[in-house]
């Protein structure tokens, strides 16, 4: 009787911004994938600045990545010699931060003699949700985080059509800025969500952005201006948070639903840090479309999502990346 083929263990590294993420997934011979470990070191040094300081982020990655890797291997019950492939984010992101994980991943893959995959950060976010639900295209994908607000149509595996994107701030960035304005702390997403529970969403009027647009773009500059004016007028921070959160959620969900109808998609993948927002999840649950969210710990930047993207590349027969692959600050995902 022949031995069953062994599973492949893939390591994923993400250092695209201010989180040092290392994750490990197991890809079985039948193509099924499960997350074995997902360790993230979230940097706190940036709180005093109200935003990410790129140089400090790079230094923190260098100092922490060894420990995060060791923690992920221990959680998975593996040694580094068990790894069958290594993946790391090559972009988009902060170049200095990206280089830490990218060079670390390349060196590890070369030392182990295993394939290396350079992964796209946004594709990782999409697979964090799609792989969790064993979802197959076609579907619409909303990536909404501190650095990105993009809406993609995914007609088939590996094909991404950009349907809409933010014209100014990303949604998570707007959450951060308004939380700082209202003195609610950093990061802004959890702070706004918590304060909104105690506020009156009708106390501060927020107009819906881009009313009447025919496309599916996003903009948060108007909401920021309204928040600033309300703050100067003496609005309670809790009311400001409640009003902004409701307006932002309605805008995100409404635009996504219009795009889903236009593209003929009944399923929407919602991923990225803002996908953890309670109000956003509740709104999509009541929207009538099938909304798929990442599992626990997979919303914000993490290494497991990069390993999931690599597992998908491996399953699709994509060749490994050359070790000359560089870090790219701006890397569009859409290929059509």
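Arranged by the count of other C-beta atoms within 10 angstrom, fewest first, what order do 65, 24 take?
Final ranking by Cβ density, sparse to dense: 65, 24.
Size of the stretch 136-292 along its principal axes in angstrom, Cα-based, largest extent first?
49, 27, 26
Mind giving me the nanometre distance, one decimal, between the label points for residue 281 and residue 250, set 7 Å out from Cα along Cα→Cβ?
Each label point lies 7 Å from its Cα, and together they span 2.3 nm.
Classify the stretch 58-131 as rounded, prolate or oblate from the Cα gyration tensor: take a ≥ b ≥ c as the square roots of its eigenvalues, call it rounded if a/c is under 1.5, otherwise prolate when a/b beats b/c and oblate if not.
Rounded, because the longest to shortest axis ratio a/c is under 1.5.
For 258, 27, 197, which order do you get if you count the other beta carbons within 10 Å of each Cβ and list the fewest first?
Exposure proxy ranking, most exposed first: 197, 258, 27.
Quick check: residue separation of residue 229 and residue 59 times 0.36 nm, minus the Cα distance between them. What number comes out in nm?
Here the answer is 57.5 nm.
How large is the helix-only mean residue ellipticity at 222 nm for the chain, computed as the sum of -39500 (n - 2.57) over DSSP H runs with n ≥ 4, divided by its residue count, in deg cm²/dmol to the nearest 500?
Here the helix-only value at 222 nm equals -12500 deg cm²/dmol.
Quote the relative contact order of the chain in percent (integer), defining contacts as alpha-carbon pairs under 8 Å separated by 6+ residues.
25
Using alpha-carbon positions, what is the distance between the centroids of the stretch 179-235 and the stretch 282-304, in Å?
The distance from the Cα centre of the stretch 179-235 to that of the stretch 282-304 comes to 22 Å.
Which values of log₁₀ I(q)/I(0), to two decimal places, follow from the Debye formula for the chain at q = 0.07, 0.08, 0.10 Å⁻¹ with a uniform point scatterer at every Cα?
-0.28, -0.37, -0.58
At a 10 Å Cβ-Cβ cut-off, how would you order 75, 123, fewest neighbours first?
The fewest-first ordering by Cβ neighbours comes to 75, 123.
Every number in this text was worked out from the coordinates using simple rules, so none of it is lab data. Note that the structure is predicted; figures quoted are calculated from it, not measured. For neighbour counting, all protein chains shown are included, and Cβ atoms are generated from backbone atoms with ideal geometry for every residue, glycine included.
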